[in-house]
Amino acid sequence: MRYLGVILIFAAAVISVGCTGQDNADTSEVVVSASSSLSDVLGDLADAFQEEHPDAALSFHYGASSKLADQISNGSPVDVFLSAGQQPIEQLTGQNLLTTDTEMDFARNRLILASSKQESFPATSIKQLPELNIKQIAMGNPENIAAGKYATQALKKSGVWETIKETIVYTNEGGRSLTYVESGNMEAGFIYSSDLQRSELIQNVFTIDDDLHAPIIYTGAVITSSKDKQTAKAFVSFLQTDKARSILKNHGFSGV
């Protein structure tokens with residue numbers, strides 16, 4: 001009987017370990033692909049979300065929205081997409097890769113011309129840009145960087161594109177224009193106003209009028225192939241709450 005008791009205890013332990021392992025295997029991590037311009041604010045948003053959903057596990061992958069959309073199109077295992085612009089959303093919607101009833105706009109941004117704090121460019125409008133004699137201006141490639149697309153629209157609509165286009169140095173990674181301005185490698189660069197909250201090394205030369213480019217709206221949606229749609233939907237919905245709006249505002253974004 002003594003040996004039988006030991007055997008039964010051992011068997012119970014094995015069953016307990018097996019159940020625990022199964023529970024861990026069922027715990028999924030929601031992968032969020034997001035515009036690089038959201039990289040700072042999403043840490044705070046994730047913390048606030050997990051206070052309300054302590055069992056939720058989130059991981060983030062950042063990049064240019066158009067490149068992230070291409071990765072999702074090619075089968076990248078993603079649960080939520082947060083895009084800085086509508087074209088990537090439209091691309092995935094057209095491929096039936098987004099759960100359309102989860103699509104929602106959650107933030108706006110503005111475009112600015114920034115310089116390092118060591119530079120001095122007296123201007124209040126993009127129309128004054130040719131007068132500043134800036135030798136090099138960093139700008140995201142409009143083919144794959146949303147901020148670059150907005151900047152190109154503004155430069156052309158304001159009538160200064162032909163005058164300054166030779167000074168443009170294109171970047172192919174989200175956030176690279178900010179890095180170039182911070183380091184002093186470029187005298188100025190077109191970046192989002194929210195980037196001012198991310199760096200103490202730069203300053204705003206001028207803010208570009210919103211009517212010179214398409215609206216800078218951030219949209220979130222759940223990917224149709226998500227393995228944890230419940231948590232993914234909960235996170236996207238959270239981005240429209242008052243708590244999320246307050247966090248976004250503290251990071252330089254505005255409401256929709």
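Amide H to amide H, with H built 1.01 Å from N, LEU98 comes under 5 Å of THR224, counting only residues 5 or more places away or on other chains. Note on LYS135: aspartates and glutamates with a C-alpha under 14 Å away, same-chain residues under 8 apart excluded, are GLU119, GLU166, GLU187. Pairwise Cα separations in the range 111-212 fall into 5 Å bins from 0 onward with the following percentages, short to long: 2, 15, 28, 29, 20, 6, 0.
Would you kindly work out the equivalent ellipsoid of the chain from its C-alpha gyration tensor and give its semi-axes, the square roots of five times the eigenvalues, largest first in whole Å? Before the final figure, lay out the partial values.
Values: eigenvalues 419, 70, 50 Å².
Three semi-axes, in Å: 46, 19, 16.
Computed over the range 201-247, the P(r) tail beyond 12 angstrom holds 74 percent of alpha carbon pairs. Mean sequence separation of contacting Cα pairs (under 8 Å, at least six apart), scaled by the length of the chain, corresponds to a relative contact order of 29 percent. Computed from phi, the 3J(HN,Hα) profile of the range 198-211 under the Karplus parametrisation 6.51, -1.76, 1.60 (θ = phi - 60°) reads 9, 9, 8, 9, 10, 9, 8, 7, 7, 9, 7, 4, 4, 6 Hz, with x in place of Gly and Pro. Show the residues, 5+ positions off or on another chain, whose built amide H is closer than 5 Å to the amide H of ALA107. For ALA107, whose amide H was placed from the backbone, the distant partners under 5 Å are TYR218.
Tell me, which longest segment in the chain has none of the trypsin sites (Lys or Arg not before Pro) that fall in DSSP loops with at most 16 further Cβ atoms within 10 Å?
For trypsin sites (Lys or Arg not before Pro) (loop position, at most 16 other Cβ atoms within 10 Å), the longest site-free span of the chain is 1-116.
The phi torsions of the range 164-180, fed into the Karplus equation with coefficients 6.51, -1.76 and 1.60 and a -60° offset, translate into couplings of 10, 4, 6, 8, 6, 10, 7, 10, 10, 10, x, x, 5, 4, 4, 4, 5 Hz, rounded to whole numbers, with Gly and Pro shown as x.
A short reminder: the numbers here are calculations on the coordinates, not readings from a lab. Fair warning: this is a prediction, and the values are worked out from it, not measured in the lab. Cβ sites come from the backbone with ideal geometry, for glycine too, and all protein chains shown count toward neighbours.
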